[in-house]
2 protein chains.
Amino acid sequence: MARGSKERNKAAAPRALDVAAAAGVSTATVSRAFNTPEKVAPEIRDKILKIAADLGWMPHPAGAALASRRTWLVGVLIPTLDHDVFASQVGALQARLAEAGITVLIGCSNYDSAQAEAQLRAMLARGVEALAIVGEAQREGVFDMIRARRVPYVVMYSYRDSAEHPFAGFDNAGAFRSVARHLLDLGHRDFGLIHQPAGDNDRVQARLDGLRGALAENGIALRPQHVHEGAPSLLFGRQGLKAIMETSEPRPTAIVCGNDTLAMGALIEARALGIKVPDELSITGFDDVAMAAHMEPPLTTMRVDNAEIGRRAADYLRACLEDGAPDDPQPVEFHLMLRKSTAAPRSRPVLPDK
Amino acid sequence: MARGSKERNKAAAPRALDVAAAAGVSTATVSRAFNTPEKVAPEIRDKILKIAADLGWMPHPAGAALASRRTWLVGVLIPTLDHDVFASQVGALQARLAEAGITVLIGCSNYDSAQAEAQLRAMLARGVEALAIVGEAQREGVFDMIRARRVPYVVMYSYRDSAEHPFAGFDNAGAFRSVARHLLDLGHRDFGLIHQPAGDNDRVQARLDGLRGALAENGIALRPQHVHEGAPSLLFGRQGLKAIMETSEPRPTAIVCGNDTLAMGALIEARALGIKVPDELSITGFDDVAMAAHMEPPLTTMRVDNAEIGRRAADYLRACLEDGAPDDPQPVEFHLMLRKSTAAPRSRPVLPDK
DNA sequence: TTGTACGCGTTATCAC
DNA sequence: GTGATAACGCGTACAA
């Protein structure tokens, strides 16, 4: 006896065979009633659907996956959900894939490549049909593992014009170059930089490269004492600005921040120090979070449509699953939001006497 | 011929049988080498693992799920990832479940009960073993559907002391009661309210009930013209405050906001209107986002540890899967962060002449 | 410790 | 339009 040899108290879950028996049809027809309803006579279909509903039956996913070789699962691997940027990307990706009947598996690496690899293995072991991964700085062999399984994937958030991976993102270096040029055009020559950790983070590295490159073109280099790397928090933004302003002169007249949170921290600290923004000091952010436009003064920052990144990644993966070999996604545009935290330098920032 | 009858150009994926043949063992031993390695002789195990790695084999999830009746999948259904609150909950839930080898499926309803139901069906159809759902205001039959499948679940974010569902969250009504009492204790008697949409949202409804209840105990009612419901955005916070302040006297001396975003908007608008906070007007938020403490003045708000909510939900579901019938999660504490945006009312807010 | 043999529940193929 | 039947790939009692 296959099931219930020890008479169970919990009734066994119904199977397609039970529905078929009750409807007086074969399991094949039950399956068709659910998957290709147009190929089943309307009366029979309705009867099957009703009986299935009564019995509380739906196709068992494992059986269906085994026979059809489809799981309708796609994995997305991100550093953390605690940043709006990634949350937006995942949200949009999920919405777009849901339209195609695909469900999203989520994994967070917490910026740890070992966790990233573990999450990835778990996803492959759950049968994901495709993957979206933030960042290309992964452990050696990670992409080989994905390719070996012939799972289509896309690298999200980053963007390079390269055949190495398909990318759905924007040009981080270009975006920061654009910030730098805005400040250079205003006449700034002494820069400070407050940024989030760059190790293992190709996006941040690209941004720094873009900034340094644009400055170098003008014969300008960042002084080490004017560069602070740390947690992407409001608090570190404050600390970073304070440390820079306490260095000996010449003090920078422009502070570039790795994201808006740091920039808002810097703005708050500038006010606390009595430094006038933008007259004495220009400050730029990155991301254009909701609060940025409402700061005092409103923050000049870079807007990137993260939801669009998620959508493009989703569309690309859908195309992979449906067509086979789609074109790589186009890079997402970025827009410098010129507001009141940047201006031509009028005077050097002065600290009040202690 | 089972496979490759039409000679395929793409080599077929390796199966356990291939690994077994290469290692000179049976498929049973291959399976054991992966699932219960301690029951396989070390040399043989290592040999199998090496061959599997070389061949790029890992157990096919559908076959494994079918035979073991385990998918190691848990679903989480939230309104949106665009709010830190839910993103934090999901992030912590995912981290905690990953420790147990469980992968998380995510679905967003966008505050739409039809989408919620569709997402839920999809998750059940993918074989989730348990579910975490934000909010108990779901379509009729949703919870019946879950129970019919005997899938353990927990309602996240909300909390009621009720046998109807297991809850992992906090007492929304109590939290708002606490905000109201703080303002009442300061001497406020005229209140305004700016809040996010309450329809279909049991958390918001509970909060409003808590507020109105605490006021009613003191014989106070909210005037309709002092209540504004709309998008949970900075902008609506500004608009709401402006509308309230433009009503005829007596104007409220305290504004309760449904979340920090609205409260920060209100704070910004108050500054724009020349209304002194907290001397003329007290403003409260909810959530204690990072920016709240750095506003001018720092925002009095309610802190809830959303990551802890996610963790408790995860622990409860793990216990369901492992033990069977754990105790319901304890409610998460909330803490009123007393800062500078609230004070005893000194004078009524005055609008400058237009 | 290892192998044998069977069941897991569905879908796809091919007749009819 | 429908039914019979053979995969699908693995886990696991049971036997050895």
Original post:
Out of all the residues in the range B:277-314, which are over 15 Å from the mean Cα position of the chain (by Cα) and not in a loop (DSSP other than H, G, I, E, B)?
Top reply: B:Ser282, B:Ile283, B:Thr284, B:Ala290, B:Met291, B:Ala292, B:Ala293, B:His294, B:Thr300, B:Thr301, B:Met302
Original post:
Within the range A:101-119, is there a residue that is crowded, with 18+ Cβ neighbours inside 10 Å, closer than 15 Å to A:Tyr316 by Cβ and within 11 Å of chain B (Cβ to nearest Cβ)?
Top reply: yes
**OP:** Kindly indicate the residue of the range A:58-78 that is open to solvent by 70 Å² or more (accessible area, probe 1.4 Å) and either away from chain B (no Cβ under 14 Å) or closer than 30 Å to A:Gly135 by Cα (or both) and also farthest from DNA strand D (Cβ to nearest atom) among those meeting that condition.
**Re:** A:Trp72
Original post:
On the given criteria, is B:Phe176 in a helix (DSSP H, G or I), at negative phi, within 21 Å of the chain's Cα centre (by Cα) and crowded, with 24+ Cβ neighbours inside 10 Å?
Top reply: yes
Original post:
Among the residues of the range A:214-259, how many are in contact (Cβ under 8 Å) with a residue 40 or more places away in the chain and in a loop (DSSP other than H, G, I, E, B)?
Top reply: 9
Subject >> Close pairs from the range A:37-57: first away from chain B (no Cβ under 14 Å) and in a helix (DSSP H, G or I), partner polar (S, T, N, Q) and within 13 Å of DNA strand D (Cβ to nearest atom), Cβ under 9 Å, at least 6 apart >> reply: A:Ile44/A:Thr29; A:Arg45/A:Thr29; A:Ile48/A:Thr29
Subject >> Residues (more than 8 Å from chain A (Cβ to nearest Cβ) and closer than 21 Å to B:Glu117 by Cα) located in the range B:79-92 >> reply: B:Pro79, B:His83, B:Phe86, B:Gln89
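This table checks each residue for (1) closer than 23 Å to B:Thr103 by Cβ; (2) out of contact with any Pro (no Cβ under 7 Å at 6 or more places or on another chain); (3) of a type in the set (Phe, Trp, Tyr).
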| position | (1), (2), (3) |
| --- | --- |
| A:Val128 | yes, yes, no |
| A:Leu131 | yes, yes, no |
| A:Val134 | yes, no, no |
| A:Ser158 | no, yes, no |
| A:Asp171 | no, no, no |
| A:Ala175 | no, yes, no |
| A:Ser178 | no, yes, no |
**OP:** Collect the residues in the range B:1-31 that are more than 9 Å from DNA strand C (Cβ to nearest atom), away from chain A (no Cβ under 14 Å) and at pLDDT 90 or above, keeping them in residue-number order.
**Re:** B:Leu17, B:Asp18, B:Val19, B:Ala21, B:Ala22
Subject >> Condition check for B:Ala132: away from every other protein chain (no Cβ under 11 Å) and open to solvent by 30 Å² or more (accessible area, probe 1.4 Å) >> reply: no
**OP:** Identify the single condition in (1) within 22 Å of A:Phe86 (Cα to Cα); (2) within 14 Å of the chain's Cα centre (by Cα) that B:Thr103 does not satisfy, given that it satisfies every other one.
**Re:** (2)
**OP:** Looking only at the range A:32-42, decide whether some residue is surrounded by fewer than 18 Cβ atoms within 10 Å (Cβ to Cβ) and near DNA strand C (Cβ under 8 Å from one of its atoms).
**Re:** yes
Original post:
Under the condition of being under 13 Å from B:Cys320 (Cβ atoms) and of a type in the set (Val, Ile, Thr), which residue from the range B:135-169 is farthest from the other protein chains (Cβ to nearest Cβ)?
Top reply: B:Val154
Original post:
Taking B:Ala216, is it farther than 25 Å from B:Met156 by Cβ and open to solvent by 60 Å² or more (accessible area, probe 1.4 Å)?
Top reply: yes
Original post:
Would you say B:Leu351 is farther than 30 Å from B:Glu129 by Cα, modelled with pLDDT of 95 or more and either in contact with a Cys (Cβ under 6 Å, 6 or more places away or on another chain) or surrounded by fewer than 18 Cβ atoms within 10 Å (Cβ to Cβ) (or both)?
Top reply: no
Original post:
In the range A:135-160, which residue that is open to solvent by less than 10 Å² (accessible area, probe 1.4 Å) and under 26 Å from A:Arg70 (Cα atoms) is nearest to the chain's Cα centre (by Cα)?
Top reply: A:Met156
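A quick yes/no check of all residues on (1) within 14 Å of chain A (Cβ to nearest Cβ); (2) at pLDDT below 95:
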| residue | (1), (2) |
| --- | --- |
| B:Val227 | no, no |
| B:Thr247 | no, yes |
| B:Leu262 | yes, no |
| B:Leu267 | yes, no |
**OP:** Sort out which residues of the range A:46-57 are crowded, with 19+ Cβ neighbours inside 10 Å and within 11 Å of DNA strand D (Cβ to nearest atom), and write them in order of number.
**Re:** A:Ile48
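The values are calculated or read from the model by the stated rules, or taken from the named source; none is laboratory data. Not measured: the values here are computed from a predicted model. Glycine gets a Cβ as well: all are built from the backbone with ideal geometry, and neighbour counts include every protein chain shown. When the accessible area is computed, the model is the full protein with side chains, heavy atoms only, and any ligands, DNA or RNA have been set aside. Shrake-Rupley method; radii C 1.70, N 1.55, O 1.52, S 1.80 Å.
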